[in-house]
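Here is the structure we will look at, set down as structure tokens.
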Amino acid sequence: MKESVSVLVVMIIALLIVSTFAGTSAGQNGDITTLPSQVYSKNDTKPPSVNITYPAYPPTITTGRIIIQGTANDSESGIKTVSASAHVFPFGGNFSINLTPSPISSENNNWSHWSVPLLINTTGTYRVVISASDNAGNNGYSETTINAILSPSDAAVPKIAFVRPSFTEAAYSDHGFYTFYYKYKFPPFGKKITTDLDMFTVKTPVSIPERQNETGLRHLSNLTALVPSDPDLQKFWNPFVDHVKKAVPSAIVTVMRDEDVNDGHIFSNDKNKTNAYDILLLFHNEYLTQDEYNNLKQFVSKGGTIVFIDSNIFYAQVRYDKDNRTVTLVKGHNWQFDGKTASRSVSERWYNETKEWVGGNFLENDIHDNITFTNNPFNYTHFEEQFVNNPKAKIIIDYGIKFPKDWSGTTESTVATYSLNYGKGKVIMIGLSGVQLAANEKFLNFFSKLLIHKASCSDLCL
């Protein structure tokens, strides 16, 4: 009996000691008690995980407020606090944006889910860094970039956006769509492929700030923080961006991504989806979602202008997974994928519809064929082109395409730079591969003085 009392006393004393040091619950499930950091400092050296769940990717927004949301977890000592800092570009080494209020936990200091509002009153690119600290003093980080384009008080200020083909960049990534294409080539129609299907789901690219150290961040501007980080891609991005800024110096010029167009960020936040921009400029936007395709078409019909700098556009449909930041092939580029099997399908996904409102389609050809041009003001070498097949298109330059004698396709195709009215807006198609002309000063001057002028006009200015 005495031994039982002694054991009971020891247990009570132990409980009193634990309760003396116990704090508030901070684990993601409320099952981890917050103790002084020194209790964990010797055993817990792993930083907590912190993730931004909304927005899914650095978005382009047209309002002055966005609620950033995320999660923070630590299985060892529990989350002590979550904080947020922000700055604009170029980065001077200081986080100059005061985020008030600070991040808010979901409930009772439970940081498994948190949120923080970002209030914006100036157009610019904002980098937001979220830090989570655990009770052992370890820190974890996550970041996002917010591209804010606020409506200017002067309605006459033109707003121009380049659309970064991030879905196409993803499709061309290692162990992606093209690894599959090259391996399986062109099987018979009806044959179902059930292997290597993981190649049809790929990650979308991250932003430049996510790849940079502090020294690199100091060299980024509002625009260069948004363009692709690949130096080879920047070789043709930067000349076009610079020429647009020079051609329309009064304009607000920015860069958005396929994800933004998919989510409708080319429209203002009203019921009628008023265009938030005047001009969109597209490069090699080969892969896109159905929603993105519909939004671009609606943008033109409502009075906007799209300038297609590159050929081979709108060729295949993908599905976008916001949570996992991936795209998956649906149909096009000679394949279709239902999630279980892949099989042969159409080459150009929206052929007839694109003909109607864009005015032309991709010229199916082997890029090694001996194709030349009898009217070649830019000394262009055949690579990939669009041909005109809508009689309503107004030709600006007919390049006089000339096919070799053994050409297996139609020889009646016209490759040209043209304009086409659609709804209240219009499209301008270069028809050539703009990537091949990024270092061609004669072409860039043509692009700046003629195309941008036409895109800015209420009519075709012919």
| Helical segments meeting 20 Å axial Cα length and Kyte-Doolittle 0.5 threshold in the chain (DSSP H) | 2-21
| request: Please report how far the C-alpha centroid of the range 337-414 lies from that of the range 175-191, rounded to the nearest whole angstrom. | output: 22
| Normalised contact order of the range 39-107, rounded percent, pairs of Cα under 8 Å and 6 or more residues apart | 25
| query | How many percent of DSSP beta bridges within the chain run antiparallel, rounded to 5? | reply | 75
| the chain, helix-only ellipticity at 222 nm - DSSP H runs n ≥ 4, -39,500 (n - 2.57), divided by all residues, nearest 500 | -5500 deg cm²/dmol
| message | Given a 1.4 angstrom probe, what's the average accessible area per residue across the chain, in square angstrom? | response | 47
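Between the DSSP loop rule and a limit of at most 14 other Cβ atoms within 10 Å, which chymotrypsin sites (Phe, Trp or Tyr not before Pro) in the range 204-249 are left?
Qualifying residues, ordered by number: none.
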| request: Round to a whole angstrom and tell me the spacing of the C-alpha centers of the range 260-315 and the range 64-114. | output: 32
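Using DSSP to call loops (not H, G, I, E or B), can you name the trypsin sites (Lys or Arg not before Pro) in the range 335-402 whose Cβ has at most 14 other Cβ atoms within 10 angstrom? Display every interim value, and only then the final one.
Numbers: sites: Lys340, Arg344, Arg349, Lys355, Lys392, Lys394, Lys402; in loops: Lys340, Arg349, Lys392.
Within the range 335-402, the qualifying trypsin sites (Lys or Arg not before Pro) (loop, at most 14 other Cβ atoms within 10 Å) are Lys340, Lys392.
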| said: What is the percent carbon and sulfur in the accessible area of the range 186-331, measuring with a 1.4 Å probe over the protein chains and ignoring ligands? | reply: 47
| message | What's the whole-number percent of alpha carbon pairs in the chain lying beyond 35 angstrom? | response | 42
| remark: Rounded to the nearest whole number, the Stokes-Einstein translational diffusion coefficient of the range 188-307 at 25 °C and 0.890 mPa s (Kirkwood radius, C-alpha pairs) in µm²/s is 144
| Which shape class applies to the range 237-322: rounded if a/c is under 1.5, otherwise prolate when a/b exceeds b/c and oblate if not, where a ≥ b ≥ c are the square roots of the Cα gyration tensor eigenvalues? | oblate
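The values are calculated or read from the model by the stated rules, or taken from the named source; none is laboratory data. These figures come from a predicted structure and were not determined experimentally. Cβ coordinates were reconstructed from backbone atoms using ideal geometry, including for glycine residues, and neighbour counts include every protein chain displayed. Keep in mind that these areas ignore ligands, DNA and RNA; they rest on the heavy atoms of the full protein, side chains included. Shrake-Rupley method; radii C 1.70, N 1.55, O 1.52, S 1.80 Å.
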